[in-house]
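Participant: Right, I'll just put the structure down here and ask away after.
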Amino acid sequence: MQVDISSIRYNVGASFKVEVAKNWPPLTWAGEEIGFGQPVTVELELTNTGELVLAQGQIKTVLIVACSRCLEPINRALEVPFVMGYREIEKQDATATKEETEVRLFSGDVINLAPDIEEAILLALPMKSLCSPNCRGLCPQCGQNLNVGSCTCHEEKVDPRLAVLRDFIKN
């Protein structure tokens, strides 16, 4: 997702708004594929502050992720604030402090926002996605989705190292 900033590049204080909707390919995060249920919509205002081009706005989409307990696909609406500064490579100071190096570099009249948008989406992902708060998950023995129906596994398997404790509790 690239944005042409030629209209504000040389005008300090100038800004413009842009709204782009783009179909995004699935992302892979922690071995899991994350799909998109609708195009990723980015609403940004880009401002030339003199030192950098400041992009700020919102990212909106619907993610298709697997439930952490039952592995069924679920749709998650996602709204993420986006703030990023972009500095021209020619203006990068060799003695920049750590805070200044957090700004992304660009050259020319076009800024590629795609890596930063992808990063913002990945950072906004919840630790666990659940299809419902009372999701029962999968049976650890046969793999049956316990939300759909019960399984036939009635045999309680106990770790042999803990069998002594089970017998102790029964007595």
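The values are calculated or read from the model by the stated rules, or taken from the named source; none is laboratory data. Keep in mind it's a predicted model, so treat the numbers as computed, not measured. A quick note on method: Cβ atoms are made from the backbone with ideal geometry, for glycine too, and the neighbour counts reach across all protein chains shown. With ligands, DNA and RNA removed, areas are computed over all heavy atoms of the protein, side chains included. Shrake-Rupley method; radii C 1.70, N 1.55, O 1.52, S 1.80 Å.
Participant: Where residues in the range 107-128 are of a type in the set (Gly, Ala, Ser) and out of contact with any Asp or Glu (no Cβ under 7 Å at 6 or more places or on another chain), which of them is surrounded by the most Cβ atoms within 10 Å (Cβ to Cβ)?
Facilitator: Going through the qualifying residues, I end up with 120.
Participant: Please work out which one of (1) touching a Leu at 6+ places or on another chain (Cβ under 9 Å); (2) closer than 30 Å to residue 141 by Cβ; (3) surrounded by 14 or more Cβ atoms within 10 Å (Cβ to Cβ) is the condition residue 66 fails and give its number.
Facilitator: Looking at each condition in turn, residue 66 falls short on (1).
Participant: Still on this structure, I have one more. Do the conditions hold for residue 35, that is, is it farther than 30 Å from residue 108 by Cβ and open to solvent by less than 30 Å² (accessible area, probe 1.4 Å)?
Facilitator: yes
Participant: Then there's this: Restricting to the range 135-148, what's the tally of residues that are open to solvent by less than 70 Å² (accessible area, probe 1.4 Å), modelled with pLDDT of 85 or more and not polar (S, T, N, Q)?
Facilitator: 5
Participant: State yes or no: is residue 161 over 27 Å from the mean Cα position of the chain (by Cα) and at pLDDT below 85?
Facilitator: yes
Participant: Take residue 171 and decide whether it is of a type outside the set (Asp, Glu), over 30 Å from residue 21 (Cβ atoms) and at pLDDT 85 or above.
Facilitator: no
Participant: Right, something else. Which is without any contact (Cβ under 8 Å) to a residue 24 or more places away in the chain, open to solvent by 60 Å² or more (accessible area, probe 1.4 Å) and more than 30 Å from residue 139 (Cα to Cα), of 60, 17?
Facilitator: The match here is 60.
Participant: Look through the range 149-171, keep the residues that are loosely packed, with under 10 Cβ neighbours inside 10 Å and among the basic types (Lys, Arg), and return whichever of them is farthest from residue 63 (Cα to Cα).
Facilitator: Filtering first and then ranking leaves 170.
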